[in-house]
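Read through the structure below, which is laid out as structure tokens, and then see the notes.
The values are calculated or read from the model by the stated rules, or taken from the named source; none is laboratory data. Note that this is a predicted model, so its numbers are computed, not measured. Neighbour counts run over all protein chains shown; Cβ positions are idealised from the backbone, glycine included.
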Amino acid sequence: MLKGGSLLNLQELKLEGKGLREIARISGFSRNTVRKYLRDGCTHEPAPRPKKGSKLEPYKPAIDRWMKDGLFNCQVMLQRLREMGYSGGKTGCTPYGGFRNLHVPGWN
């Protein structure tokens, strides 16, 4: 999708009387792209997509419970999650249990 400056550049070239092929050659965009944006005159925002659920979602209560009980080791959490049927990877696990803004009493 073309944004502001590129779109204005195409429109300026059109106002100068240049044809689609010439605008395409100058701008580096395909003729079809140039035609589409000059015809429509504006950019179309893509339709909003529904949020995808996380593989970790069903296991978050267990992780919360483990963290409340003092378990903060992601490797151990991952091993326990896999025993429960979790099929995702470590990166899916760490951001949630992930120690961001985590306050553990006695730690700085």
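This table checks each residue for (1) touching a Phe, Trp or Tyr at 6+ places or on another chain (Cβ under 7 Å); (2) over 30 Å from Leu8 (Cβ atoms); (3) not small (Gly, Ala, Ser).
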site: Pro48; (1), (2), (3): no, no, yes
site: Gly53; (1), (2), (3): no, yes, no
site: Lys60; (1), (2), (3): yes, yes, yes
site: Met67; (1), (2), (3): no, yes, yes
site: Gly70; (1), (2), (3): no, yes, no
site: Cys74; (1), (2), (3): no, yes, yes
site: Arg82; (1), (2), (3): no, yes, yes
(message) Among the residues in the range 29-42, are any in the same structural domain as Leu10 (by TED's automatic domain parsing), assigned to a loop (DSSP other than H, G, I, E, B) and modelled with pLDDT of 80 or more?
(response) yes
(message) Cβ-Cβ under 6 Å, sequence separation 6+ or interchain: first residue in the range 66-89 and within 19 Å of Ser54 (Cβ to Cβ), partner assigned to a loop (DSSP other than H, G, I, E, B) and of a type in the set (D, E, K, R). Which pairs?
(response) Gly88/Lys55
(message) Condition (residue is at pLDDT 85 or above and among the small types (Gly, Ala, Ser)) applied to the range 43-59: is it met by at least one residue?
(response) no
